[in-house]
Amino acid sequence: MVVVFDLDDTLYKEVDYLKSAYREIASKLGNFNVEELYQHMLEWYYTKENVFEKIELLYSVEKSELLSLYRNHYPTISLAENVLDTLNQLESKGCTLGIITDGRSVVQRNKIKALGLSSWISDDNIIISEEFGSEKPCEANYRFFMGKYPDDEFVYVGDNIMKDFISPNKLGWKTICLLDDGRNIHKQELAVPIANRADHDIVSLVDIQAIVF
């Protein structure tokens, strides 16, 4: 069986990447007030203010520089225990693991490396939209695995109901949606056509074991 994961807000919480990036920016700009600036950035984020515009005004720094710091920093992020357990269990059962994720190559590669995902997922089973040339829900991203493992069954685990499950549903994959626990950066919209919905909704990645096996 081939089990393919989304990355952001599925294998880890994207807000942790955001916090890591904010701390990096604060360390570059805050001088002796790194922690104070970092806390201000978090407050602005949670009150839905434009964090980069605030920093531009306070520090006379170009938004492009802030975006570069945000996107290119090496993040301090890690896998939760339930994710580690799930990956280990899937591996022990002989599953082939993969990733299909949208985003910039350097950003997603840094996340994957920081999370240590190469311990379970080989580099040639990682599809990043900028490298591959198409984004979800393009069927090509999923057909890659079907062409590579023609005799297997396929599972896709993600969180974005707007795009994650449309193609794997059409292609006969088993689909699993990790529900938002309140920390997702992009909130889930559950009122979508049935074609967008996953076969199963779960609240923790460990729950996929009962579905897959």
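The values are calculated or read from the model by the stated rules, or taken from the named source; none is laboratory data. What you are looking at is a predicted structure, and each value in this text was computed from that prediction instead of being measured. Virtual Cβ from ideal backbone geometry, glycine too; neighbours counted across all protein chains shown. Ligands, DNA and RNA are excluded from the accessible area calculation, which covers all protein heavy atoms including side chains. Shrake-Rupley method; radii C 1.70, N 1.55, O 1.52, S 1.80 Å.
One table, with the values for the structure above:
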{"quantity": "Subset of segment 56-103 (residues that are within 24 Å of Val206 (Cβ to Cβ), in contact with a Leu (Cβ under 7 Å, 6 or more places away or on another chain) and part of a loop (DSSP other than H, G, I, E, B))", "calculated": "Ile77, Ser78, Leu79"}
{"quantity": "Residues being in contact (Cβ under 8 Å) with a residue 40 or more places away in the chain and either touching a helix residue (DSSP H, G or I) at 6+ places or on another chain (Cβ under 7 Å) or open to solvent by less than 70 Å² (accessible area, probe 1.4 Å) (or both) - total across segment 72-93", "calculated": "14"}
{"quantity": "Residue in segment 186-213 that is nearest to Leu84 (Cα to Cα), counting only those that are open to solvent by 70 Å² or more (accessible area, probe 1.4 Å) and of a type in the set (Gly, Ala, Ser)", "calculated": "Ala210"}
{"quantity": "Selected residue (only one of Ile55, Ile25, Ile99 is of a type in the set (Val, Ile, Thr) and touching a strand residue (DSSP E or B) at 6+ places or on another chain (Cβ under 6 Å))", "calculated": "Ile99"}
{"quantity": "Whichever residue in segment 136-185 is charged (D, E, K, R) and buried (at least 16 other Cβ atoms within 10 Å of the Cβ) and, among such residues, is farthest from Asp207 (Cα to Cα)", "calculated": "Lys136"}
{"quantity": "Total residues in segment 39-61, condition of a type in the set (Phe, Trp, Tyr) and over 23 Å from Arg183 (Cα atoms)", "calculated": "1"}
{"quantity": "Residue list for segment 7-37, filter: open to solvent by less than 20 Å² (accessible area, probe 1.4 Å), over 22 Å from Asp180 (Cβ atoms) and either among the acidic types (Asp, Glu) or not in a loop (DSSP other than H, G, I, E, B) (or both)", "calculated": "Ile25, Ala26, Leu37"}
{"quantity": "Residue satisfying condition, being touching a Phe, Trp or Tyr at 6+ places or on another chain (Cβ under 9 Å), touching a residue at least 60 places away in the same chain (Cβ under 8 Å) and under 30 Å from Val203 (Cβ atoms), within set Leu42, Leu7, Leu18", "calculated": "Leu18"}
